[in-house]
Structure formats: C-alpha cells, structure tokens
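**Q** First the structure, then my questions, so here it is.
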Ligand code: HEM
C-alpha cells in the first residue's frame, strides 16, 4: 500500500512537472520506496554523479521518497543557473544539525537566502575585501617564510606536509580575524585547529548524519553526538573569548582586524547601524566561525593536492622556478600583483583547482522560486547539487580532463576562456566568500615553496593522493541527500623535499 501511495505521488509530481515544462528531466530509474537513494549514498558521490552525467547529460534528476534533487554537471549550465537570476538557486535546505551548530540558522554558509542573510554576507564581503587590500599579502608572506623554514628542516627526508599546510592557513585566518599571529606550536592554535577538524569530521559521520533524518535519535545514547556537542561548545567558547577580548580593548575609530570591523557596528554607538537590519552578534559570531572552517582545510588541501600533482611533474616545477627567477631574480619573491607575469605558475594553480576542486559538490543549493534551467522546469524548494568536479571533468569542454596538464591554459587562444571555466569557488550569490583570500594564499605559498624547494617522489612509495578514495573524502553534511563534501588530499601524502640552490 505504501509503495502504491509513493508511486502515485511520484507519478503526480512528474505529470505536474511535464505539464509545466513540456520536458521531463532525465535520470536513473527509480526503485520502489527509495527512489534513487542508492545513488545518493555512494561514498565517492562526486565521482558517481559525474558518471551519471555521462549517461544522462549535464542536467538530470535524482529522487528520494521525500524530494527531488536536480544535479548540474557542466560549466555552462552551472553559470547559467547561478549567475542569470543569481538568487533563484541561492537558498540552502535547513537541517537539524545545521540549525544546532548555528544558533538556529544564523550561519553564513548554511543560512537560507533571506534579507538578513544578504546583509550578513554583504557585511562580511566588504570586510574581507578591505583586509585583502590592506593586511593580507604581508601576512601570508610572513606565514610562507615560516613554512619555508619548517620545510628547510625536512630537506632530504620524506615528509607529510598536510598538517604544516593546515596550521599555516589556520594561522592566516586567525591573524586576519583576531589579529593573533601564533607561533607554529602554540597550544591555543593547535587546540582550535584540532577542534575544527574534529567538528568537520564528526559532522560527516553516519551517526550524526542520521540525526538529520531522525532528530528524535538525539535522545538516545550516541557517543558521536556527545562528542559533536562538546566540539561545538569548545568552538563557541574560543570564539566568544576572542570577541570578549576585542570588546574590552576596542577603541572607537581604530579597526585592528576582521572582528573589530564586524563588531564595531554593535560597539561603536556612533556607527551607522540602520543597515544592520536583523543581523545580531550571533550572526557575526557564526560568520567568524565560517571564516575559520571555510578558510583552513580548503586552502591547505588545495596546497597538498598541488604538491601531490607536481611530484609527478618535476619538469613543471623546474619551469616555474626558472619563470620566477627570470622575473624577479634570485633574491626576492614575486608579489601577487606580478602573477600575470608568471603564466605557468598561474596556470598550475588553475589546473590544481580544476582537477581537485576541494568542495567538489559545492554546498547544497535550494531553489527560492520556480525556475527554468536549460529548458527544464525546476520547482521552488527543489534541492540542487552543483557538481563542480563533474563540470571540470566534462569531455565536451576539456581535452583529456582527468590529467594534470597546466599547459592546457597556455596552449591556445582558448587559454583565457578556459581559466574562466574553472569554477571551484562556485558562482552567483553563493560564491565563496574567501576566494580573494584563498587566491592570494595559493599564489604566495606556491611561489615561496617552489622558489626554495623541489618536491620529489619518495622511492617505492605509492602515491594514493592522486586518487580521491573513500576516507580521503570528508563529508561535511549530514543526510545522504545533503552531501557537500570536501575532498582532502591524502593524509599520507609524502614528498621528498630537496632545497634549490
Ligand atoms: C563557500 C570553495 C576557501 C569561506 C564555498 C563554496 C565553495 C567554496 C565551492 C560553496 C559555493 C556555493 O555554495 O555555491 C572554496 C575553495 C577554497 C575556499 C576551493 C580554497 C581553495 C575559502 C576561504 C574562506 C572561505 C579561505 C574564508 C576565508 C567560505 C564561506 C562560504 C564558502 C564563508 C559560504 C558562502 C555562502 O554560502 O554564501 N567555498 N573555498 N572559503 N567559502 Fe570557500
């Protein structure tokens, strides 16, 4: 009876959709009761969805008993859907865990598309832009210098660079946000870094995912849920302590860092606050959390992938080194403004972002209104997966897409256009807020590292880092139908570091 009821519901929805659009979205066959749940539960979801795109085309639908999900898999379609009518797909589905970790949906990354969210994003965007223009580059340069000193102590040894990258990017965000530049081994930095990593990894665990589908399970014994609550508490205590510290020392008209810049609207009575609308201190607290969570593992994973990929291409490492020496000589490093004069380094960064977009399925979007995408009708409330990984593997767009070939951006007149087709930071109203920060970090860190070192394969060590395997993929969201994921470079990435002389 239940199967019959669900089949009837699906049939009616399909008929409705047909009526509205004249065209029915393609997709894999639906199984009784579960629809396409088996597709959505795949461990390497981004790879699975990309395979489905080969069968069903750049736009298709998946369905669970509860809802329809539209999957977009090509650069053109993603840009069309997210940029034309930029708010149409800018919603986020609201979930139990999402609400739990964000004072009831006050998060920037997970919050739904509301007028308050728009003000919150505009505020943080403005502050990030200003800090990029003022403090960011010298800060990243200092951090890159420290990283090189650490790497110097590894010369001649096989190393795992993952934690070093992650601590460096965490420190950049900490300096930017709180004005606190930690030493590498500072316990406070290690503590907040490890807390955030734990939080993200617990978030992807099945015991936590299940709570999104059945929140009632929070009342049953669940050790992962207890650990998760503890980690959220620790995170909030750290952020609150920093905000309090800032409040005590805040001086009108003197903005020291991102926290001051965001909080001054609440603390400085003379500031114009009319623009703030419903934005509260909790929204700012969550925005700071987003900067930390969004800004640590993403950039550091991209750096790890870069090294993992460059180990296979020593010729590219050598050419980038020569390119830099020709431009700036032996004694100094290139600045971010000089990136256009370093085409191979820029192309290499673009190729790493293309081949390993660290948030391969973006964050789940939700249609805020009825919309037509590629002539298909997408109903308001439908969840939409933006398959960035799939778009970067599209054979109609990229020649030999599975291979690491920075040259592709330099070879033809299409090079510039190809650069525009790397969409690892998303597009439209939900585009990554930290993109300007990440781009400066990627460029400066790569320039410093490649100017000082060669990264060589360790003899007889297999490099699984080049495959995205189960275990490498860290699922950030909870239920199988909400699966934004961050593909982390293999934890066991190892390279032999050799100093350039
Ligand atoms: C969102 C990628 C670094 C902060 C996102 C999204 C992607 C992404 C794909 C989702 C876009 C969407 O929903 O359509 C990346 C990549 C990075 C990176 C590839 C590095 C290589 C950063 C950094 C920060 C940051 C450094 C902070 C300083 C955020 C925030 C959002 C976001 C706050 C939520 C935006 C929103 O929902 O409106 N990022 N990111 N990200 N990212 Fe990043």
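**Q** By counting other Cβ atoms within 10 Å of each Cβ, how are 170, 396, 195 ranked from fewest to most?
**A** 396, 195, 170
**Q** Can you give the extra length, in nm with one decimal, that the chain gains between residue 237 and residue 54 once fully stretched, where that is 0.36 nm per residue apart less the Cα-Cα distance?
**A** Gain on extension, residue 237 to residue 54, equals 61.2 nm.
**Q** With each pseudo-label sitting 7 Å past Cα toward Cβ, what's the residue 153-residue 456 distance in nm, one decimal?
**A** For residue 153 paired with residue 456, the spin-label model returns 2.3 nm.
**Q** Considering only DSSP beta bridges where both residues belong to the chain, give the percentage that are antiparallel (nearest 5).
**A** Taking every DSSP beta bridge with both residues in the chain, the antiparallel ones total about 85 percent.
**Q** Based on Cα coordinates alone, diagonalise the gyration tensor for segment 304-409, multiply each eigenvalue by 5, take square roots, and list the semi-axes in whole Å, largest first.
**A** 37, 15, 12
**Q** Using the beta-carbon distance between residue 190 and residue 244 and R0 = 25 Å, what value does 1/(1 + (r/R0)^6) give for FRET efficiency, to the nearest 0.05?
**A** Computed FRET efficiency for residue 190 and residue 244 comes out at 0.70.
**Q** Kindly list the residues of segment 404-443 that lie in the label zone of residue 181, defined by a backbone N under 16 Å from the point 7 Å along the Cα-to-C-beta vector.
**A** 441
**Q** Evaluate the relative contact order of the chain (contact order divided by residue number), counting alpha-carbon pairs under 8 angstrom at least 6 apart; express in whole percent.
**A** That works out to 26 percent.
**Q** Here's another thing I want to ask about it. Once each part is reduced to its C-alpha centroid, what is the distance from segment 50-95 to segment 219-264 in angstrom?
**A** 34 Å
**Q** Grab every C-alpha pair in segment 82-224, bin the distances at 10 angstrom width from 0 up to the longest one, and report whole percents.
**A** Final binned percentages: 9, 26, 30, 25, 10, 1.
**Q** Would you mind ranking 148, 369 so that the residue whose beta carbon has the fewest other beta carbons within 10 Å leads the list?
**A** Ascending Cβ contact count within 10 Å gives the list 369, 148.
**Q** Continuing with the same structure: Enter the Cα centre distance for the pair segment 119-133 and segment 340-384, rounded to the nearest angstrom.
**A** 22 Å
**Q** Subtract the Cα-Cα distance of residue 267 and residue 122 from 0.36 nm times their separation in residues, and report this length gain in nm to one decimal.
**A** Residue separation times 0.36 nm, minus the Cα-Cα distance, leaves 50.3 nm.
**Q** What FRET efficiency do you get for residue 83 and residue 205 if R0 is 41 Å and r is their Cβ-Cβ distance, rounded to the nearest 0.05?
**A** Calculated value: 0.75.
**Q** Based on the Cα gyration tensor of the chain, what are the three equivalent ellipsoid semi-axes, each the root of five times an eigenvalue, rounded to whole Å and given largest first?
**A** Semi-axes, largest first: 36, 29, 22 Å.
**Q** Rounded to the nearest 0.05, what FRET efficiency do residue 2 and residue 216 give with R0 = 25 Å and r taken as the Cβ-Cβ distance? Could you check?
**A** E(calc), rounded to 0.05, equals 0.80.
**Q** In what order do 315, 370 fall by count of nearby beta-carbon atoms within 10 Å, going from fewest to most?
**A** 315, 370
**Q** Just to be sure I understand the curve: with the Debye formula and one point per C-alpha of segment 209-274, what is log10 I(q)/I(0) at q = 0.26 Å⁻¹?
**A** Per q value, in the given order, log10 I(q)/I(0) is -1.10.
**Q** Taking the highest mean first, how do the peptides 333-341, 227-235 order by number of other beta carbon atoms within 10 angstrom per residue?
**A** 227-235, 333-341
Computed from the coordinates by the stated procedures, all read-outs in this text should not be read as laboratory data. Keep in mind that this is a model prediction, so the values were computed, not measured. Note: ideal-geometry Cβ built from the backbone for every residue, glycine included; neighbour counts use all protein chains shown.
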